[in-house]
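Dumping the structure here so I can ask a few things about it.
The values are calculated or read from the model by the stated rules, or taken from the named source; none is laboratory data. Here the structure is a predicted model, which means the values were calculated and not measured. All Cβ positions, even for glycine, are placed from backbone atoms using ideal geometry, and neighbour counts span all protein chains on display.
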Amino acid sequence: GDSVTQMEGPVTLSEEAFLTINCTYTATGYPSLFWYVQYPGEGLQLLLKATKADDKGSNKGFEATYRKETTSFHLEKGSVQVSDSAVYFCALRNTGGFKTIFGAGTRLFVKA
Amino acid sequence: EPEVTQTPSHQVTQMGQEVILRCVPISNHLYFYWYRQILGQKVEFLVSFYNNEISEKSEIFDDQFSVERPDGSNFTLKIRSTKLEDSAMYFCASRGVEGHVEFFGPGTRLTVL
C-alpha cells in the first residue's frame with residue numbers, strides 16, 4: 001500500500017542553519033504531496049503542498065520539490081529560526097483517495 | 001479565514017465509558033475525516049465520510065467507533081466503550097470538493113483512565 005518514510009529525528013540545529021528533512025514515498029498513481037507542521041501543543045497546519053511532478057511548494061521560507069524520478073519530497077529551509085521548532089510531517093494523498101497518509105514525523109529543535 | 005473547530009479540547013473518561021468527540025468542519029466542505037495521534041507517534045487515519053456515509057475506514061475503526069453528521073454543521077466521532085489504548089489526540093479534518101488539502105482542527109486530547 002501507499003506509504004511515506006521520513007528521516008528520524010530529532011534534528012537539532014543552530015539558528016540560521018540550513019535545514020533538510022528527507023521524505024520519500026511509495027504510491028501507485030500520482031499522489032499529491034504535503035508537508036504539515038505541528039507546533040508544541042497545537043494541531044496540524046499545512047505548511048506546503050505539490051500536486052504534480054516537478055511542482056515546488058513553498059511557504060514561510062520552506063520549500064519542497066515533487067521529484068517523481070526519486071519519489072521524494074524533501075523539505076528545505078535556508079535559514080531556520082527558533083520559532084521553527086516543531087514536528088514536521090510529510091504526507092501524501094493518492095488520486096481519488098479519501099485519506100491522507102502521514103510519515104512518522106521529524107522533530108526539529110532550533111537553538112538560539 | 002474559515003477553520004475546523006473541535007470540542008472539547010480535552011476529555012477525560014473512565015475505561016468502558018462512551019465518549020463523543022465533536023467537530024464543526026468548514027462550512028462548504030463535503031469530505032470529513034477523523035485521525036488520531038497517540039502521544040509521540042504518527043498521525044493515523046481512522047475514517048472518511050462523504051455524502052452521508054463512510055467512504056473509507058482503517059482497521060483501527062472497529063465496531064466500537066461510529067461517526068455521524070447529525071445536522072448540517074456537526075460531525076461526531078463516538079467511541080462506545082473506551083479502552084486505555086484509545087488515549088490519543090483525535091483530529092477532525094475537512095476538504096472541499098475541488099481541493100487537494102485537508103484542513104485540520106486543533107484536536108481533542110482523550111485520556112482514558
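Can you pull out the residues in the range B:22-71 that are under 14 Å from B:Met89 (Cα atoms) and among the β-branched types (Val, Ile, Thr)?
Once the filter is applied, which keeps residues that are under 14 Å from B:Met89 (Cα atoms) and among the β-branched types (Val, Ile, Thr), the range B:22-71 yields B:Ile38, B:Val43.
Could I ask something else about it? Pairs, please: C-beta under 9 Å, at least 6 apart or cross-chain, first residue at positive phi and in the range A:99-112, second of a type in the set (Lys, Arg)?
Short answer, once both residue conditions are applied: A:Gly105/B:Lys42.
If you scan the range B:26-41, which residues turn out to be on the phi < 0 side of the Ramachandran plot and either of a type in the set (S, T, N, Q) or free of Cβ contacts under 8 Å to residues at least 40 places away in the same chain (or both)?
Result: B:Ser27, B:Asn28, B:Gln37, B:Gln41.
Within the set of pairs 6 or more residues apart or between chains, which connect a residue that is in contact (Cβ under 8 Å) with a residue 40 or more places away in the chain and at the interface with chain A (Cβ under 10 Å from one of its Cβ atoms) inside the range B:98-111 to a residue that is of a type in the set (D, E, K, R) and crowded, with 21+ Cβ neighbours inside 10 Å with Cβ atoms less than 8 Å apart?
Hits for this filter: B:Glu102/A:Arg93; B:Glu102/B:Arg95; B:Phe103/B:Arg95.
One line per residue, one yes/no per condition, for (1) of a type in the set (A, V, I, L, M, F, W, C); (2) crowded, with 18+ Cβ neighbours inside 10 Å; (3) touching a Pro at 6+ places or on another chain (Cβ under 6 Å):
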site	(1), (2), (3)
B:Pro2	no, no, no
B:Pro8	no, no, no
B:Cys23	yes, yes, no
B:His29	no, yes, no
B:Tyr33	no, yes, no
B:Leu39	yes, no, no
B:Ser48	no, yes, no
B:Ser55	no, no, no
B:Asp62	no, no, no
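Mind checking which strands (runs of 3 or more DSSP E) fall wholly inside the range B:1-57 and carry at least 1 residues that are within 18 Å of A:Thr100 (Cα to Cα) and at pLDDT below 95?
Result: B:31-37, B:43-50, B:53-57.
Can I ask one more? Hey, can you tell me all the residues within the range A:67-101 that are surrounded by fewer than 16 Cβ atoms within 10 Å (Cβ to Cβ), assigned to a loop (DSSP other than H, G, I, E, B) and either of a type in the set (Gly, Ala, Ser) or within 14 Å of chain B (Cβ to nearest Cβ) (or both)?
A:Gly78, A:Ser79, A:Thr95, A:Gly96
Also: Please work out if A:Glu63 is of a type outside the set (A, V, I, L, M, F, W, C) and either touching an Asp or Glu at 6+ places or on another chain (Cβ under 8 Å) or in a strand (DSSP E or B) (or both).
yes
Pick from B:Ser58, B:Ser81, B:Ser73: which is within 12 Å of chain A (Cβ to nearest Cβ), more than 12 Å from the chain's Cα centre (by Cα) and hydroxyl-bearing (Ser, Thr, Tyr)?
Answer to the check: B:Ser58.
Return the residues of the range B:64-110 that are in a strand (DSSP E or B) and either basic (Lys, Arg) or surrounded by fewer than 14 Cβ atoms within 10 Å (Cβ to Cβ) (or both); say none if nothing qualifies.
Within the range B:64-110, B:Glu68, B:Lys78, B:Arg95, B:Arg109 meet the criteria.
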